[in-house]
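A short write-up of the structure that comes next.
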Amino acid sequence: MKDIHTIQQYVLTHIPLSGAMGVQVEEATPNKVVLSAPLAPNINHRDTVFGGSASALCILSAWTLVHFRLEGEGYGCRVVIQNNTMAYDRPIPEGFKAVSILDDEAKWEKFTRILSSRKKARIVLNASLECGGKKAGLFEGTLVAAMRSASPE
């Protein structure tokens, strides 16, 4: 996995919304990505985090984990979100985090095996939404990876 600074720059450059949201990469390993964002650019009319911002941060944490792990393993892929659900457990009145963890290596191995043979694969990941060290919500999403063609884009 690339270093945090490189990942931060990639996300800001390729996903402009992340800059507007104030997203920061706090941790990035092959099995865990932690992203954070402040309240101010993500605030709603109730002085808490807008649900769309919370969902976007969770999607971005899962996407970052899959994208950079695949890249680190030598796969040239496009990764997109196919679908997701988001459960909000409580209001978020301050800065917040999305923590995406891949704790099932067999799941990852199956995903990459299918990707290698079919050139496309899906994986379901969760991300925990956190605020003040407490769980504030849970994301579950299906991400799809598709091998890039050999021709230049």
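No value in this document is a laboratory result; all are computed from the given coordinates. On a predicted model such as this, the values are computed, not experimentally measured, just so you know. So basically every Cβ, Gly included, is an ideal-geometry build from the backbone, and we count neighbours across all protein chains shown.
Extending 7 Å from the Cα toward the beta-carbon at both His45 and Leu138 defines two label points whose distance is 3.0 nm. You can think of it this way: the chain between Glu27 and Lys107 has 26.6 nm of extra reach, that is 0.36 nm per residue less the Cα-Cα gap. Here the label points at Val80 and His5, each 7 Å from Cα along the C-beta direction, are separated by 3.4 nm in the simple model.
I want the local charge near Asp89. Using Cβ-Cβ distances under 11 Å, sum +1 for each Lys or Arg and -1 for each Asp or Glu among the other residues. Present the calculation step by step, with values, prior to reporting the outcome.
Values: positive: Arg90, Lys134, Lys135; negative: Glu130.
Local charge sum for Asp89: +2.
For segment 8-112, GluC sites (Glu not before Pro) meeting the loop criterion (DSSP other than H, G, I, E, B) and having at most 16 other Cβ atoms within 10 Å: Glu73, Glu94.
Could you give the dipole magnitude of segment 4-147 about its Cα centre, charging the beta-carbon of Lys and Arg +1 and that of Asp and Glu -1, in debye to the nearest 20?
500 debye
For the pair Ser117 and Ala20, what calculated FRET efficiency results from E = 1/(1 + (r/R0)^6), where r is the Cβ-Cβ distance and R0 = 41 Å, to the nearest 0.05? About 0.60, to the nearest 0.05.
Over segment 28-95, consider all pairs of different Cα atoms and compute the Kirkwood hydrodynamic radius from their mean reciprocal separation; express it in Å, one decimal.
Working: mean 1/r = 0.0744 Å⁻¹.
Kirkwood radius, segment 28-95: 13.4 Å.
Extension gain for the segment Asn126 to Glu94, taken as residue separation times 0.36 nm less the Cα-Cα distance, is 9.3 nm to one decimal. Lys-Lys pairs in the chain that are eight or more residues apart or on separate chains and whose Cα atoms lie under 21 Å of each other come to 13.
Per residue, the convex hull spanned by the Cα atoms of the chain measures out at 108 cubic angstrom.
Report, to one decimal in Å, the Kirkwood hydrodynamic radius for segment 57-99 based on all distinct Cα pairs. Don't jump to the answer; show the numbers that get you there.
Numbers: mean 1/r = 0.0812 Å⁻¹.
With all distinct Cα pairs of segment 57-99 included, I get 12.3 Å.
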